[in-house]
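Scroll down for the structure; my scribbles are underneath it.
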């Protein structure tokens, strides 16, 4: 998709990066990385739920300390899983921003 320098719409006056943003959204997406980040978030929530279930089960067996330790361990692992998901999202956002900057610099030569 080629940028037209002579086009002057109201949207471009309000947001001069609107066309470059549209190009960045259309040209650069990482569906596999978005899927993997979603999997990490899903597994993180599964770990939280498993920790709560483990806490309830061990409390019912009068093993409170073991239940608390399971909850803490699963929460820590869930936190790591959420962090990986956000790290993937940050990398894709950095890539998108870098692409937008490159397109802006090419457009304003």
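A few points about this structure:
- Residue 81 being closer than 21 Å to residue 31 by Cβ, touching a helix residue (DSSP H, G or I) at 6+ places or on another chain (Cβ under 7 Å), part of a helix (DSSP H, G or I) and at pLDDT 85 or above: yes
- Meets criteria (part of a helix (DSSP H, G or I), loosely packed, with under 12 Cβ neighbours inside 10 Å and at pLDDT 60 or above) for residue 32: yes
- Some residue of the range 46-62 being out of contact with any helix residue (DSSP H, G or I) (no Cβ under 9 Å at 6 or more places or on another chain), modelled with pLDDT of 90 or more and either within 21 Å of residue 103 (Cβ to Cβ) or not in a helix (DSSP H, G or I) (or both): yes
- Within the range 60-78, considering residues that are within 27 Å of the chain's Cα centre (by Cα) and exposed (fewer than 13 other Cβ atoms within 10 Å of the Cβ), the one nearest to residue 37 (Cα to Cα): 76
The values are calculated or read from the model by the stated rules, or taken from the named source; none is laboratory data. None of the values given here were measured: they were computed from a predicted structure. Every residue, glycine as well, gets a Cβ built from its backbone with ideal geometry; the counts of neighbours run over all protein chains shown.
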